[in-house]
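Visitor: Below are the structure tokens for one structure; questions will follow.
All of the numbers you see were taken from the coordinates with simple rules; none came from a lab. A quick note: this is a predicted structure, and the numbers were derived from the prediction, not measured. Positions of Cβ are backbone-derived with ideal geometry, glycine not excepted, and every protein chain shown enters the neighbour counts.
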Amino acid sequence: MRNTGKSIKILLNKLNVGYNDEGPLDAPVVIFIHGFPFNKSLWKAQMEALQDNFRVIAYDVRGHGESEAGSENFSIDLFTNDLFLLMDTLKIEKASLCGLSMGGYIALNAIGKHPQRFDSLILSDTQCLADTYEAKEKKMKAAEAIHKNGVEKYAEESIKNLFSANSFKDKKNEIAAVREMILGTSKNSLTNTLFALADRKGTCSQLQDIGVPVLIMVGKEDKITPPRASILIHEKIQGSLLKILEHAGHISNLENPTAFNLHLKNFIQQVVKKTVPSVLAQMMVFNAL
């Protein structure tokens, strides 16, 4: 039996995983994967925008939010295996994936492993390149600083790079929410995820093989994965759509939800037209207007 609502717990491979599951059971599925060091609450506005016509799921990556960390070393492969285990347990054969930053790494890894499991990809504020030596060193130093100075100091330093200049004036509640997400993540999960991100492999060479519709979105003021990183992905995925969002930094879905949700809904509706019977698709599009 399906459990619906927010903050549901499910046991996967002996670990408790927190997730939200809303919308009609028999509707096309959209799975949201948050970035680092956030949690599933990042996707509240997107879940609300789609839940009338789609089954929408947002889950906490292991070690984040309400999901337990376990004892294995974190890696993008491990996070990807967790995604497939969640899909299998919830009996989801196919879904559209929407991943931000680290969530985009997981999404790209997942479609590379089992492309038949996905209807489309939405990649937000992410990149296909592996870390340079300098970027890896920066993550290692951040991990050291977390253990030395604590999570609160790391949260304050992170906030400076996550948001656009506009957001510091107009998105104080959102900034406070992100700060709480970071503070709610353990030192071990933060550092283990930093190691996983530093050790990840690049996926640029695989992008030409992606055969599903792809939407790429990025904040115009993203300092962490700037627009040029999204442009590179766009150039390598034939037929992909690229949207650069004004007044947004690295967390574009939170900073400019109006534009983000508009592009997201339009894209998903077009995907549905191609993947479900035309009459049903027309009804869903009509209801969403």
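Visitor: For the chain, find the longest principal axis of its Cα atoms and tell me its angle to the long axis of helix 278-288, 0 to 90°, nearest 10.
Guide: On a 0 to 90 degree scale, this one is about 60.
Visitor: Shifting gears a bit: Counting only other residues whose beta carbon sits under 11 Å from that of ALA130, what net charge do I get with K and R as +1, D and E as -1?
Guide: Numbers: positive: LYS136, ARG200, LYS201; negative: ASP131, ASP199.
With Lys, Arg at +1 and Asp, Glu at -1, the neighbours total +1.
Visitor: Once the Cα atoms of helix 76-89 and of the chain are each reduced to a long axis, what angle between those two axes, in degrees from 0 to 90 to the nearest 10, is obtained?
Guide: 40 degrees
Visitor: If Rh is defined by the Kirkwood formula over all Cα pairs and Rg also comes from Cα, what ratio Rg/Rh do you get for segment 1-62?
Guide: Rg/Rh: 0.96.
Visitor: Per residue, how big is the convex hull of segment 41-111 when only Cα atoms are used? Give it in Å³. Can you show the working numbers first?
Guide: Working: hull volume 6.9 nm³, N = 71.
Roughly 98 Å³ of hull volume per residue.
Visitor: Take the Cα radius of gyration of segment 168-222 and divide it by 2.2 N^0.38 Å, with N its residue count; two decimals is plenty.
Guide: Values: Rg = 16.6 Å, N = 55, 2.2 N^0.38 = 10.1 Å.
My calculation over the Cα atoms of segment 168-222 gives 1.64.
Visitor: Isolated Cys in the chain by the 4.7 Å beta carbon test?
Guide: CYS98
Visitor: Helix-only estimate, please: 222 nm mean residue ellipticity of the chain, summing -39500 (n - 2.57) across DSSP H runs of length 4 or more and dividing by its residues, to the nearest 500.
Guide: Numbers: 12 runs with 137 residues, N = 289.
Counting only the DSSP helices, I get -14500 deg cm²/dmol.
Visitor: Rounded to the nearest 20 Debye, what is the dipole magnitude of the chain about its Cα centre when Lys and Arg each give +1 and Asp and Glu each give -1 at the C-beta?
Guide: Values: 34 positive and 32 negative charges, 19 e Å.
It comes to approximately 80 debye.
Visitor: Taking springs between alpha-carbon atoms closer than 10 angstrom, which of LEU50, LEU11, LEU207 fluctuates most in the Gaussian network model of the chain?
Guide: LEU11
Visitor: Taking Rh as the Kirkwood radius computed over C-alpha pairs, what is the Stokes-Einstein D of segment 145-289 at 20 °C in a medium of viscosity 1.002 mPa s, expressed in µm² per second? Each step should come with its number before you reach the end.
Guide: Numbers: Rh = 17.6 Å.
Approximately 122 µm²/s, per Stokes-Einstein.
Visitor: Could you grab the Rg to Rh ratio for the chain? Cα atoms only, Kirkwood for Rh.
Guide: Details: Rg = 17.8 Å, Rh = 19.0 Å.
Looking at the chain, the ratio lands at 0.94.
Visitor: Provide the descending list of Cα extents for segment 78-120 along its principal axes, expressed in whole angstroms.
Guide: 26, 20, 16
Visitor: A further question on this structure: For the chain, set up a Gaussian network in which alpha carbons nearer than 10 Å are linked by springs, and say which option among ASN39, ASN109, ASN149 fluctuates the most.
Guide: Result for the chain, Cα springs under 10 Å: ASN149 fluctuates most.
Visitor: Quick check on packing: order 258-264, 54-60 by the mean number of other C-beta atoms within 10 Å, highest mean leading.
Guide: The packing order, highest mean first, is 54-60, 258-264.
Visitor: Among the aspartates and glutamates, which fall within straight-line cross-link reach of LYS220, defined as a Cα-Cα distance under 16 Å, with same-chain neighbours fewer than 8 residues apart omitted?
Guide: Partners found: ASP125, GLU246, GLU255.
Visitor: Per residue and in cubic angstrom, what volume does the convex hull of the Cα atoms of segment 94-184 have?
Guide: Enclosed volume per residue, from the Cα hull, is 136 Å³.
Visitor: Holding the Cα-Cα limit at 31 Å, pick out from LYS94/LYS136; LYS139/LYS243; LYS6/LYS113; LYS44/LYS223; LYS138/LYS171; LYS94/LYS223 the pairs that are longer than that.
Guide: Correct reply: LYS94/LYS136; LYS94/LYS223.
Visitor: Gap in Å between the Cα centre of segment 261-275 and the Cα centre of segment 16-45?
Guide: 17 Å
Visitor: Using only the Cα atoms of segment 1-138, what do you get for the radius of gyration and for Dmax, in Å?
Guide: 14.4, 48
Visitor: Now for a separate question. On C-alpha positions alone, give me the angle between the axis of helix 172-183 and the longest principal axis of the chain, in degrees, nearest 10.
Guide: Taking the Cα atoms of the chain, the angle to 172-183 is about 70 degrees.
Visitor: Most mobile of ILE216, ILE111, ILE224 per a Gaussian network model of the chain (Cα springs, under 10 Å)?
Guide: ILE224
Visitor: Using all alpha carbons of segment 77-236, what is the percent of pairwise distances in each 10 Å bin, ordered from the shortest bin to the longest?
Guide: Spelled out bin by bin, segment 77-236 gives 10, 34, 36, 18, 1 percent.
Visitor: Once the other residues with Cβ under 13 Å from the Cβ of GLU156 are scored (Lys, Arg +1; Asp, Glu -1), what is the net sum?
Guide: On the way: positive: LYS153, LYS160, ARG179; negative: GLU152, GLU157, GLU180.
Result for the neighbourhood of GLU156: 0.
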